[in-house]
Every structure is written in C-alpha cells, then in structure tokens.
Amino acid sequence: MHPALQGLFTIIIGVGGCIGYFYFSNQFLDKVLYPARGPNAGRNINRANIVRPWLFLAPAILALGIYLVYPVIATLWLSLTDRDQGGAFVGLANYSQMFGEAKFWEAMRNNMMWLIVVPALSTAFGLLAAQLTDRIGWGSFAKSLIFMPMAISFVGASVIWKLIYDTRPEGTEQIGMLNAIWVFFGGEPQTWLTIPLLNNFLLMAVLIWIQTGFAMVILSAALRGIPEETIEAAIVDGANPLQIFFKIKVPQIMGTIVVVWTTITLVVLKVFDVVLAMTNGQWETQVLANYMYDKLFRSFDWGVGSASAIVIMVLVLPILIWNVHNVRKEMR
C-alpha cells in the first residue's frame, strides 16, 4: 500500500475506532448495564454517571499502563538482574558497577551543568524577548522568528549548529560562521566541539536557542495578564521602567516563571538528541541519556543501562511533581 494511503487508512481507522468506542460504550452503559427505565431508573442513572468517566478513561489508562507503568517496572527489574547470567537477580550490583565508572560521573557532572545553565538562560532570554516584543509595533513578527526554532527537531537544530561550528583547514575559506568570525579577527581555526568544557556550553546553546521561544510565548501571555491599573499606579508613583519590570511585573508572574523553568529542566534532564548528533558523547560531553543509550544499545549491558534509566527517572520525578503542583496552584 502507498504510504500516503496507509497513513490515511490509519487515521480513518484510529479516529473511527475512538468514535465507535465512545458511542457504543455509552449505549451499552445506558441501554444494557444501567437502563434509565423501570423502578430503579434513578439509581441506575446515578450509577451510570459514576461509571461513565472510568469507561471513557479506560483506553487512556490501558495505554498508560502498557507504555508507561509496565516499562518502568520492567526497567527496574532489569536493573536488578544480569542478562548474561540468564536474568539472575544480582541486587544492586549493576548500580555499584555504574557508580564505579568515570563516564557515569562525567555524565552526571555535565547534566548538572546543563541543569544550571539551560533553564536559567532560556527563561531569562524568553522573559526578555516577551517584554521587548510587547513594546514594539512589529512584535508579532519578532515573536514568530524567535519561536520558529521550536518547529525544528532537535536533530535538525543540531545539524544547523554543527555547520555553525564547522572547521576547515587553515588557509581555506571557513564555512562555519563561528570560525569565519574568529579568523576575521586574526585567530586560527578551532575545532570547537573538541575543546573540553567549552564544547558543553556550545551544545547548550542549541537547546537554549530552541527553548527560548517556548519560554517567550508562555511568559508573554503571563505579562499580558498583569492588570494595567497596577502598572499605571507604579508610573504615577514615579517608578522607572526597570523598577516596574523587576518589582511589579516579575513578582506577579513568578509562578509562571517557575513553571517554565521546571518544564525546561525536565527537557534538559532527558537531553539526548543534541549530544548524539553533534559529539556522540565524545570529548567529555557525555550526558545521562547518551550514557544509557551506549550501555543498552551499543554495549548491550542491559543491567547498567537500565540502572542509568532509573537514575534519570529518579532525577525527573521530583521536578515533575513540583511542576504539577505549581500548575495546579496557578489554575486555582
């Protein structure tokens, strides 16, 4: 079957199946299981209203169970077993081996650097862009340009930035923008992605470039929600623009800033595509997700690979809970 027809057929079956499920399950509930007739009609209606949400949520709960809960449990079990010994239970041996590897601690160190730099700069640049674009006539166009990287995949963005960091031999024309600027000011061409420590910040620039647009959109909506009366009162009291921004606007949208910060933090903890496409973890740029990939699909060390996956989950979980808590608080 032609791929286009296959895709169309899948959409029709998927959408039709969802509609059919909700329609027929509703009919079964109202006509067969709890019919709204006879002496128990009132009780049946109440029971049907109690069961109906769970009936409609059943497909989602089933999908979450199969694709989320089961993999977590299976990964936890694999982290406690040794595949080479036929799946024998080895306790915390895989974790002990992982903690003894220098590459794991390199990945942890780099992830911590990413966690400090990327959410902070992405949120700061997004807040700055949101404030400035709301004050100019062509702000909507500027926002579109800033948000555009969000439409690019992480791999696509990595390819773009890899060209920016590209290095050609000395004496030849540099096609990489960074080296072209560097050579123009008298420097020698550098292989930027092989320079330890600096290369980590160059990789972070890619994710900051992508996430700034996300932060800008959310924070721009929050800034527009600030009552005009508050700002006008501050102006009447003699506050300058910086005072209005830092003492009036920022405190009022602090909840949104925290949500944006933690959301980007979750993305950073799982960063994989950028590192894989640009350095593959070489030159001291390893991160946890790339370390996990190497162990699982290159070394086929399922025990240590699964243990590293559990470490990532443990790091993500508190931030996820905190993010949900803040979102619920914002909705009250």
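Go over the candidates VAL316, VAL324 one by one and state the one that is without any contact (Cβ under 8 Å) to a residue 40 or more places away in the chain and surrounded by fewer than 18 Cβ atoms within 10 Å (Cβ to Cβ). Working first, answer last.
On the way: VAL316 fails: without any contact (Cβ under 8 Å) to a residue 40 or more places away in the chain.
Going through VAL316, VAL324 in turn, the sole match is VAL324.
What number of residues within the stretch 132-158 satisfy the criterion of being open to solvent by 80 Å² or more (accessible area, probe 1.4 Å), assigned to a helix (DSSP H, G or I) and hydrophobic (A, V, I, L, M, F, W, C)?
The number of residues fulfilling the criteria is 6.
Taking the stretch 267-282 on its own, how many of its residues are open to solvent by less than 30 Å² (accessible area, probe 1.4 Å) and modelled with pLDDT of 85 or more?
Initially, the stretch 267-282 is screened for residues open to solvent by less than 30 Å² (accessible area, probe 1.4 Å), giving 268-269, 271, 274-275, 278-279, 281.
Those still in the list that are modelled with pLDDT of 85 or more too: 268, 271, 274-275, 278-279.
Number of matching residues: 6.
Is it the case that THR285 is out of contact with any Lys or Arg (no Cβ under 7 Å at 6 or more places or on another chain) and part of a loop (DSSP other than H, G, I, E, B)? Outline the logic, then answer.
Details: out of contact with any Lys or Arg (no Cβ under 7 Å at 6 or more places or on another chain): yes; part of a loop (DSSP other than H, G, I, E, B): yes.
Against the criterion (out of contact with any Lys or Arg (no Cβ under 7 Å at 6 or more places or on another chain) and part of a loop (DSSP other than H, G, I, E, B)), THR285 qualifies.
Quick check: is even one residue across the stretch 91-102 of a type in the set (Ser, Thr, Tyr) and either surrounded by fewer than 11 Cβ atoms within 10 Å (Cβ to Cβ) or closer than 30 Å to VAL274 by Cα (or both)? Full working, then the answer.
If we filter the stretch 91-102 for residues that are of a type in the set (Ser, Thr, Tyr), which is where we start, we get 95-96.
Now drop any that are not either surrounded by fewer than 11 Cβ atoms within 10 Å (Cβ to Cβ) or closer than 30 Å to VAL274 by Cα (or both), which leaves 95-96.
Looking for residues that are of a type in the set (Ser, Thr, Tyr) and either surrounded by fewer than 11 Cβ atoms within 10 Å (Cβ to Cβ) or closer than 30 Å to VAL274 by Cα (or both), one finds at least one in the stretch 91-102, hence yes.
Residues ALA233, ALA215: which one is surrounded by fewer than 16 Cβ atoms within 10 Å (Cβ to Cβ) and in a helix (DSSP H, G or I)?
Details: ALA215 fails: surrounded by fewer than 16 Cβ atoms within 10 Å (Cβ to Cβ).
Within the list ALA233, ALA215, the selection yields ALA233.
In this structure, does THR263 turn out to be under 30 Å from PRO196 (Cβ atoms), buried (at least 18 other Cβ atoms within 10 Å of the Cβ), of a type in the set (S, T, N, Q) and more than 19 Å from the chain's Cα centre (by Cα)?
Details: under 30 Å from PRO196 (Cβ atoms): yes; buried (at least 18 other Cβ atoms within 10 Å of the Cβ): yes; of a type in the set (S, T, N, Q): yes; more than 19 Å from the chain's Cα centre (by Cα): no.
No: the conditions fail for THR263.
Out of all the residues in the stretch 309-320, is one or more more than 17 Å from LEU115 (Cα to Cα), under 20 Å from the mean Cα position of the chain (by Cα) and part of a helix (DSSP H, G or I)?
Filtering the stretch 309-320 down to residues more than 17 Å from LEU115 (Cα to Cα) leaves 309-310.
Now drop any that are not under 20 Å from the mean Cα position of the chain (by Cα), which leaves 309-310.
Checking the rest, the ones that are also part of a helix (DSSP H, G or I) come to 309-310.
Yes, because at least one residue in the stretch 309-320 is more than 17 Å from LEU115 (Cα to Cα), under 20 Å from the mean Cα position of the chain (by Cα) and part of a helix (DSSP H, G or I).
Just to be sure I understand the filter: pairs with C-beta atoms under 6 Å, separated by 6 or more residues or on different chains, first member in the stretch 55-78 and within 24 Å of MET292 (Cβ to Cβ), second member open to solvent by 80 Å² or more (accessible area, probe 1.4 Å). Which pairs pass?
Once the first residue is within 24 Å of MET292 (Cβ to Cβ) and sits in the stretch 55-78, its partners that are open to solvent by 80 Å² or more (accessible area, probe 1.4 Å) give LEU78/TRP302.
What do you reckon, is LEU202 open to solvent by less than 40 Å² (accessible area, probe 1.4 Å), modelled with pLDDT of 90 or more and in contact with a Leu (Cβ under 9 Å, 6 or more places away or on another chain)? Working first, answer last.
Numbers: open to solvent by less than 40 Å² (accessible area, probe 1.4 Å): yes; modelled with pLDDT of 90 or more: yes; in contact with a Leu (Cβ under 9 Å, 6 or more places away or on another chain): yes.
Judged against the criteria, LEU202 is a match.
Being farther than 30 Å from GLN97 by Cβ and either of a type in the set (Gly, Ala, Ser) or open to solvent by less than 100 Å² (accessible area, probe 1.4 Å) (or both) narrows it down to one residue among LEU68, LEU29, LEU78; which is it?
On the way: LEU68 fails: farther than 30 Å from GLN97 by Cβ; LEU78 fails: farther than 30 Å from GLN97 by Cβ.
Being farther than 30 Å from GLN97 by Cβ and either of a type in the set (Gly, Ala, Ser) or open to solvent by less than 100 Å² (accessible area, probe 1.4 Å) (or both) holds for just one of LEU68, LEU29, LEU78, which is LEU29.
Take the stretch 112-123 and flag every residue that is open to solvent by 50 Å² or more (accessible area, probe 1.4 Å) and closer than 15 Å to TRP209 by Cβ.
Taking the stretch 112-123 as the starting set, the residues that turn out to be open to solvent by 50 Å² or more (accessible area, probe 1.4 Å) are 112, 116, 121.
Hit for the stretch 112-123 is LEU121, nothing else.
Does the stretch 125-135 include one or more residues that are of a type in the set (D, E, K, R), modelled with pLDDT under 90 and under 29 Å from the mean Cα position of the chain (by Cα)? Spell out the reasoning first.
Here is the first cut: in the stretch 125-135, the residues of a type in the set (D, E, K, R) are 134-135.
Filter again for modelled with pLDDT under 90, leaving 134-135.
Retained after the next criterion (residues that are under 29 Å from the mean Cα position of the chain (by Cα)): 134.
Yes, the conditions are met somewhere in the stretch 125-135.
Is there a residue being farther than 17 Å from MET150 by Cβ and either touching a residue at least 24 places away in the same chain (Cβ under 8 Å) or touching a strand residue (DSSP E or B) at 6+ places or on another chain (Cβ under 7 Å) (or both) anywhere in the stretch 174-189?
The first filter runs over the stretch 174-189 and keeps only residues farther than 17 Å from MET150 by Cβ, leaving 174-189.
The next check asks that each one be either touching a residue at least 24 places away in the same chain (Cβ under 8 Å) or touching a strand residue (DSSP E or B) at 6+ places or on another chain (Cβ under 7 Å) (or both); those that pass are none.
The answer is no, given that none of the residues of the stretch 174-189 is farther than 17 Å from MET150 by Cβ and either touching a residue at least 24 places away in the same chain (Cβ under 8 Å) or touching a strand residue (DSSP E or B) at 6+ places or on another chain (Cβ under 7 Å) (or both).
Those residues that are surrounded by 10 or more Cβ atoms within 10 Å (Cβ to Cβ) and of a type in the set (Phe, Trp, Tyr), I need them from the stretch 181-194; list them, please. Steps first, answer last, please.
Going through the stretch 181-194, the residues surrounded by 10 or more Cβ atoms within 10 Å (Cβ to Cβ) turn out to be 181-183, 187, 189-194.
Passing the criteria: TRP182, TRP192.
So which residues in the stretch 236-260 are part of a helix (DSSP H, G or I) and open to solvent by 80 Å² or more (accessible area, probe 1.4 Å)?
Step one: of the stretch 236-260, the residues part of a helix (DSSP H, G or I) are 236, 241-252, 254-260.
Selection gives VAL236, PRO241, LEU242, PHE246, LYS247, GLN252, MET254.
Could you pull out the residue among LEU197, LEU178 that is surrounded by fewer than 16 Cβ atoms within 10 Å (Cβ to Cβ) and not acidic (Asp, Glu)? I'd like the intermediate steps shown before the answer.
Numbers: LEU178 fails: surrounded by fewer than 16 Cβ atoms within 10 Å (Cβ to Cβ).
Exactly one residue qualifies, and that residue is LEU197.
The values are calculated or read from the model by the stated rules, or taken from the named source; none is laboratory data. Nothing here was measured: the structure is a model prediction, and the numbers come from that model. Using ideal geometry, Cβ is built from the backbone for each residue, glycine included, and neighbour counts are taken over all protein chains shown. Accessible surface areas use protein heavy atoms only, side chains included; no ligands, DNA or RNA. Shrake-Rupley method; radii C 1.70, N 1.55, O 1.52, S 1.80 Å.
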